[in-house]
Structure formats: structure tokens, C-alpha cells
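This report concerns only the one structure given below.
The values are calculated or read from the model by the stated rules, or taken from the named source; none is laboratory data. Quantities reported herein were computed from a predicted structural model and do not represent experimental measurements. Cβ atoms come from the backbone with ideal geometry, glycine included; neighbour counts cover every protein chain shown. The protein model used for the area step is the full one, side chains on, heavy atoms only, and it has no ligands, DNA or RNA in it. Shrake-Rupley method; radii C 1.70, N 1.55, O 1.52, S 1.80 Å.
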Amino acid sequence: KDLEKDNAGQVTLIPEEPEDMWHTYNLLQVGDSLRASTIRKVQTESSTGSVGSNRIRTTLTLCVETIDFDSQACQLRVKGTHIQENEYVKMGAYHTIELEPNRQFTLAKKQWDSVVLERIEQACDPAWSADVAAVVMQEGLAHVCLVTPSMTLTRAKVEVNIPRKRKGNCSQHDRALERFYEQVMQAIQRHINFEVVKCVLVASPGFVREQFCDYMFQQAVKTDNKLLLENRSKFLQVHSSSGHKYALKEALCDPAVTSRLSDTKAAGEVKALDDFYKMLQHEPDRAFYGLKHVEKANEAMAIDTLLISDELFRHQDVATRARYVKLVDSVRENMGTVRIFSSLHVSGEQLGQLTGVAAILRFPVAELSDQEDESSSEED
């Protein structure tokens with residue numbers, strides 16, 4: 001880090017895992033300058049006048065204009081104009097840098113705010129990524145997901161057509177089911193790194209999870225699969241309404257799970273959102289959402305927990321972004337808790353439907369009057 005007193009300056013980072021690419025995406029803003037090594041096609045003219053083109057690795061500094069993040073491949077493309085002298089590339093020429101894991105880059109901003117700096121602290125703290133894997137399944141459909149502190153990644157989707165049970169003949173159904181379980185078991189071994197993962201949730205409606213776990217460990221004993229047998233204690237069975245990815249939120253809400261995952265950020269966010277909904281139902285004067293209402297509650301120093309989506313800090317307009325940062329800083333000064341939700345998590349998507357900012361209050365605050373509501377809706 002090399003920051004000045006007025007919080008201008010630069011930070012050099014090396015992303016080590018896919019998660020870090022998501023953090024980087026949240027750090028980058030239009031107007032920042034990014035310095036990284038990249039490959040550029042350069043045309044060269046020889047003394048005889050023949051023109052050739054070579055690919056040359058060079059370090060460029062761009063003024064960021066567009067940022068494109070692919071969450072499945074965890075790739076980040078940054079396009080901008082070149083702003084520093086370079087022997088191969090003219091000033092002002094456009095270039096796209098692909099940031100990738102294990103290659104360092106330097107990011108300079110005119111103003112590093114508290115939210116961005118905190119994100120860097122967290123991303124550099126290895127204890128932060130206490131990880132959870134989940135298998136959400138129903139007969140014939142399963143999703144193998146990794147739940148990291150800031151996103152839910154679907155690593156595999158298994159779909160097998162399972163025929164109905166026929167009277168007196170269940171063999172086709174049973175065979176298809178066994179094939180399905182076998183594929184899910186393969187996916188678990190391929191995609192879940194048991195050295196990192198502390199807990200594997202197996203969630204399903206009915207008895208599917210129990211039948212699957214029985215099948216998996218019987219197979220593991222038969223084939224002497226040490227990987228699965230040694231990690232048997234990490235598997236935790238919970239109920240979910242279906243095998244679709246959105247059913248993961250229910251599984252994370254389960255009290256048995258929350259106690260196991262108390263040290264992971266994802267569970268904390270799910271619980272905070274759950275508390276907010278309960279408060280909204282029972283004491284609506286202590287649950288506010290929407291920026292105007294939340295700011296009013298903050299003026300009264302009433303905010304106990306602020307729930308805010310990281311999407312809002314990616315706002316292109318500097319003033320709007322500063323408004324959110326100011327809100328976060330102010331809540332912390334008044335001894336409130338701030339939970340920054342990731343828009344890639346199921347809980348973050350739900351918070352997004354509530355405008356992306358919500359608050360649980362310490363004491364009831366009367367709703368804003370109707371006139372203010374009308375004027376704010378006109379402004380919106």
C-alpha cells in the first residue's frame with residue numbers, strides 16, 4: 001500500500017484464488033488507473049519496408065473505462081485508454097487487460113474510501129474464507145455448489161431422467177436412481193476440496209439426502225475410498241424444498257447448520273436478513289429499507305444493524321457512491337453493525353429486491369410522513 005494523507009495513492013495486489021477476482025471487480029471503478037503486464041500485438045517495420053506483427057509482453061497503465069466480470073470463469077476484463085509512455089503503445093490508445101489469478105497488478109485511485117480498504121483487508125486475511133460446500137438435490141436433479149464468503153458458485157449440475165415406479169417393477173427406477181447417485185458422488189469428489197471445506201451440506205426434500213448419503217458411504221466402504229470416509233463427519237444433512245440452487249438459502253437458515261457455520265460470513269448474512277424480515281413482520285417501525293428511510297433512521301442514531309449490498313458501491317456516480325460510504329461510516333461510528341452482502345449470494349439477491357439497503361433499528365422510529373414519501377417518489 002502506498003496511500004497519501006488525503007487517501008489518494010496506489011495498492012499493488014496479487015489475486016490468489018477465484019474469490020479474489022470478485023474482490024478485484026468490486027475494487028475497480030471507472031476513472032481509476034490500472035497498471036498490469038499484458039500482451040499487445042505490435043506492428044514492426046523492418047529496414048526493407050516489410051511489415052510484420054509480433055505479440056509482445058509489456059506493462060501498460062490504463063485509465064479504466066469498462067469493467068467486465070464473468071462470475072463462472074472468474075475472469076475480469078478491463079478496457080481503457082493508455083495513459084503512460086510506453087515504447088510499443090501510443091498514449092490514448094485503447095487496450096483491454098485481462099486480470100487473472102497469480103499475476104500482480106497495481107491499482108491507483110484519487111480517493112480510497114473505508115469500504116474499499118476494508119474489502120482489501122478482508123480479502124488478504126486467509127481466515128476469512130471459512131468454506132462450505134453444498135449439494136442441493138431432488139430425485140434426478142442435483143447442484144454441487146461452493147459457498148464462499150462472497151459468492152455461491154455452482155460447480156456441477158447433475159440431471160438424470162428417472163422413470164416412475166411401476167407396479168410390481170421398480171428395477172428401472174432403482175437403476176436410474178443409482179446412476180444418478182453415482183454421478184453426484186463423482187461430482188462431489190471432483191469439485192470439493194476437503195482440505196479447505198469445513199462442512200458439506202446435503203439438502204433435499206423427503207428422504208433423498210438420506211438415501212444418497214447411505215449409498216455414497218456404502219460405495220466408499222466397498223471401494224475403500226479414503227477421501228470420503230475420512231471426511232464423513234463433515235457431511236451434514238438438512239431439509240430443502242427442492243434441488244434447485246435457490247433452495248440453498250433455506251438450508252443455510254436451518255438452526256443445525258447455523259451453529260456449525262457460525263464462523264462463516266454467508267451464514268451471518270442469511271441470519272441478518274432473516275432477522276430483518278421477522279422485524280418487518282412484527283415491529284415494522286424497527287425495520288426500514290430504501291436509502292431515504294435508512295438515512296433518516298441513521299440521523300436518529302437508531303440503526304443497530306445495517307444491511308447493504310456491495311452492488312451499491314459499484315455505482316458509477318461518485319457522489320452516490322460517497323453517500324453509501326458515508327452511511328456505512330456513520331453507522332459504525334454510532335456503534336452499529338454493518339453487514340455488506342454480496343450480490344452473488346442468494347441472500348444478496350434478496351436484499352437487492354429491497355433496494356439493496358435495509359436496517360434493523362434499536363428503537364422504533366416513526367415512518368416518514370406521506371408528503372415526504374410523495375416527494376421522494378417524484379425524485380426517484
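Give a residue-ordered list of calculated ³J(HN,Hα) values for region 153-162 (Karplus: 6.51 cos²θ - 1.76 cosθ + 1.60, θ = phi - 60°; whole Hz; x for Gly, Pro).
So the J values, rounded to whole Hz, are 9, 7, 8, 8, 10, 10, 10, 9, 6, 10.
Taking amide hydrogens as modeled 1.01 Å from N in the peptide plane, which residues meet the under 5 Å criterion relative to residue 345, leaving out close sequence neighbours?
152
Under a 1.4 angstrom probe, counting protein chains only, how are 216, 279 ranked by accessible area, largest first?
The ordering from most to least exposed comes out as 279, 216.
Can you give the FRET efficiency to the nearest 0.05 for residue 239 and residue 59, using r as the Cβ-Cβ distance and R₀ = 51 Å?
Computed FRET efficiency for residue 239 and residue 59: 0.45.
For residue 237, what residues show an amide H to amide H distance below 5 Å, using hydrogens built from the backbone and excluding near sequence neighbours?
202
Just report the Cα centroid separation between region 283-336 and region 236-259, whole Å.
Region 283-336 and region 236-259 have Cα centres separated by 29 Å.
What is the sum of charges around residue 99, taking Lys and Arg as +1, Asp and Glu as -1, for the other residues whose C-beta is under 10 Å from the C-beta of residue 99?
Net charge around residue 99: -1.
Provide the net charge surrounding residue 313, with neighbours chosen by a C-beta distance below 14 Å and charges set as Lys +1, Arg +1, Asp -1, Glu -1.
Summing Lys/Arg as +1 and Asp/Glu as -1 gives 0.
Give the ranking of 235, 105 by solvent-accessible surface, highest area first, calculated with a 1.4 Å probe.
235, 105
For residue 278 and residue 225 in one chain, what is 0.36 nm times their gap in residues minus the Cα-Cα distance, to one decimal in nm?
Difference between extended and current length: 14.6 nm.
Kindly report the accessible area of the chain per residue (heavy atoms of protein chains, probe 1.4 Å, no ligands, DNA or RNA), in Å².
In whole numbers, the chain has 52 Å² accessible per residue.
At 7 Å along Cα-to-Cβ for each site, give me the label-to-label distance between residue 166 and residue 114 in nm.
In this crude spin-label approximation the distance works out to 6.9 nm.
Quick one: compute the contact order of the chain, relative version, from alpha carbon pairs under 8 angstrom and 6+ residues apart, as a percent.
13
Accessible area of the chain with a 1.4 Å probe: how many percent of it is carbon plus sulfur?
C and S atoms contribute 47 percent here.
Using alpha-carbon pairs under 8 Å, 6+ residues apart, how would you state the relative contact order of region 132-262 in percent?
RCO, region 132-262: 28 percent.
With both partners inside region 266-375, how many of the DSSP beta bridges are antiparallel, as a percent to the nearest 5?
Among the beta bridges of region 266-375, antiparallel pairing accounts for roughly 60 percent.
Calculate the tail of P(r) for region 93-192: the fraction of all Cα-Cα distances greater than 20 Å, expressed in %.
Tail fraction, whole percent: 62.
Would you mind checking the radius of gyration and Dmax of region 262-372 based on alpha-carbon positions, in Å?
Rg then Dmax for region 262-372, in Å: 13.2, 44.
Using amide H atoms built in the peptide plane, which far-off residues or other-chain residues are under 5 Å from residue 16 H to H?
Excluding prolines and chain starts, which carry no amide H, the hits are 102.
In nm, give the distance between the simple-model label positions of residue 178 and residue 335, each being 7 Å from the Cα along the Cα-to-Cβ direction.
6.4
Ordered by packing density, taken as the mean number of other Cβ atoms within 10 Å over each peptide's residues, highest first, how do 281-291, 348-358, 39-49 rank?
The packing order, highest mean first, is 348-358, 281-291, 39-49.
Where does each of 173-183, 138-148 land if you order them by average Cβ count within 10 Å, highest first?
The most tightly packed comes first, giving 138-148, 173-183.
Where the Cα atoms of the chain are projected onto their three principal axes, how long is each span, largest first, in whole Å?
Cα spread of the chain along its principal axes, largest to smallest: 81, 74, 37 Å.
Cα-Cα over 19 Å: which of 41/79; 5/79; 271/326; 249/278; 198/222; 41/90?
Those over the limit are 5/79; 271/326; 198/222.
Calculate the length of the line joining the C-alpha centroid of region 165-189 to that of region 51-90, in whole Å.
50
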